[in-house]
Amino acid sequence: MPFNIGACLQIIWFVKTTLAALACLCMSTWALAQTSFPNRPIRLIVDSVPGGTTDLMARIAADGLSQQTGVSVVVENRAGATGTVAMDFVMKSPADGYTLLVCANGNLLIKPFMDKTSGFDPATDLSPVFITSDSPHLIVVGKNIPVNDMAGFLAYGKANPGKIFYGSAGLGSQPHISVSQLGKLTDVKVTHVPYKGLGGAMTDFLAGRLQVMSTSLGTVRPYIKGGEVKALAVSGKRRLAALPDVPTAAEAGVPGWSMSAWFGIFAPKNTPPELVKLLNDKLNLAFEDSKIRQKVFDVGGEVVTDSPAALVERIRAEHKTYVQLFKEGVITLE
């Protein structure tokens, strides 16, 4: 059969035209999705029980996102297994932007160590969207503990070996890691009591059944004001504006102790990057509002508003730190 150049050119033209049409169709479809998203309620799945700082941050984010999108944003608490219940639920949800996870960095980064067979990578198995804030931890004791500063607490702990109990939101949660780290740094024996969520731990702490806790200001602020709780030290390089009389860890004599909670928002894996950016843009606008910033400040946090890429890098850097803490025995899951 003779070679027909004209026919070949027609075929090439047809293929190019078809591909261009398909590209335009995809772009039009995404543009349509952008203009119509969101057109129904968005769910924020929280990895802890109501009342804790993660829950408070989720509700602040929900209010802001609702204002920016014009749709209802519903907060749904799914506590359990140090955040795994909520994470697994979101990971199995459609990657359409309507189901998002709100969790603290502690739960997110501990999951690979809780279930080593899962192969979970927090930087890739979820789509990082936004970080709401950073909240440094406080070391607090109940009003019935006869100490008023960190030096007094350490002396009390050494004089009462085996009698210092502390609660947490579960094995591997930040309150667990934080007090365990403090105990190892100061040679004070502390006994961990894990709870399903921080709410249960706080109930027993306020009732005097636990002697010490590590948590962010948002959880204990009303109790500090009411005199039920005494703050001994705050993590970080500077004092909290809301608690100017509470020394930093370094000032209190334990410079090696450090714990800060940040709260991220994540979509299921494979959520379209354009949709992640749209959500990030809306949340950035929400957290620029002075009223939102004041709410974050009121619970002891500082607004961060990182990009999705910056959030990925933050996760990777902190994961390396957690690996080291496990090697040193600061974190144990028994």
Legend entry - Per-residue Cβ neighbour rank within 10 angstrom, fewest leading, Val304, Val193, Val74: Val74, Val193, Val304
Inset, instruction - Compute the distance in nm between two label points, each set 7 Å from the Cα along the Cα-to-Cβ direction, one at Leu333 and one at Lys143. - result: 3.9
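Taking R0 as 25 Å, what FRET efficiency do you get between Thr191 and Thr321 from their Cβ-Cβ distance, rounded to the nearest 0.05? Don't skip to the end; give the middle numbers.
Details: r = 25 Å, r/R0 = 0.98.
Between Thr191 and Thr321 the formula returns 0.55.
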Legend entry - Charge tally in the Cβ shell below 12 Å around Pro222, where Lys, Arg are +1 and Asp, Glu are -1, Pro222 excluded: 0
Legend entry - Hz values of 3J(HN,Hα) by residue in region 174-186 - Karplus curve (6.51, -1.76, 1.60), Gly and Pro given as x: 4, x, 5, 4, 4, 6, 4, 4, 4, x, 5, 5, 10
Legend entry - Cross-link table Lys116/Lys269; Lys92/Lys291; Lys282/Lys320; Lys116/Lys196; Lys111/Lys291, entries beyond 27 Å C-alpha to C-alpha: Lys92/Lys291; Lys282/Lys320; Lys111/Lys291
Inset, instruction - Give me the number: length gained by fully extending Leu285 to Glu313, i.e. 0.36 nm times residue separation minus the C-alpha to C-alpha distance, one decimal in nm. - result: 7.9 nm
Inset, instruction - Please turn the phi angles of region 36-53 into ³J(HN,Hα) values with the Karplus equation 6.51 cos²θ - 1.76 cosθ + 1.60 (θ = phi - 60°), one per residue in order, whole Hz, x for glycine and proline. - result: 9, 8, x, 10, 8, x, 9, 9, 9, 8, 9, 8, 9, 6, x, x, x, 5
Inset, instruction - Kindly provide the pair-distance distribution of region 270-334 built from C-alpha pairs, with 10 Å bins from 0 and whole-percent values in order of increasing distance. - result: 18, 30, 30, 21, 2
Inset, instruction - Rounded to whole Å and ordered largest first, report the semi-axes of the equivalent ellipsoid of the chain derived from its Cα gyration tensor (root of 5λ). - result: 47, 21, 16
Legend entry - Environment charge at Ala241 (Cβ cut-off 12 Å; Lys +1, Arg +1, Asp -1, Glu -1): -1
Legend entry - For region 163-320, radius of gyration divided by Kirkwood radius, i.e. Rg to Rh on alpha-carbons: 1.00
Inset, instruction - May I ask for the longest run of the chain untouched by trypsin sites (Lys or Arg not before Pro) that are loop-located per DSSP and have at most 15 neighbouring C-beta atoms (other than their own) within 10 Å? - result: 1-91
Inset, instruction - First select every other residue whose beta carbon is under 15 angstrom from the beta carbon of Gly208; then total the charges, Lys and Arg +1, Asp and Glu -1. - result: +2
Legend entry - Residues Thr191, Thr132, Thr186 arranged by fewest to most Cβ contacts within 10 Å: Thr191, Thr186, Thr132
Inset, instruction - Determine one quarter of the surface area of the Cα convex hull of region 136-234, which equals its mean projected area, and express it in nm² to one decimal. - result: 5.4
Legend entry - Fewest-first ranking of Ser260, Ser48, using other Cβ atoms within 10 Å as the exposure measure: Ser260, Ser48
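Every read-out reported here was derived from the displayed coordinates using simple, explicitly stated rules and does not represent laboratory data. These numbers were taken from a predicted model, which means no experiment stands behind them. Methodologically, a virtual Cβ is constructed for each residue, glycine included, from the backbone with ideal geometry; neighbour enumeration extends over all protein chains shown.
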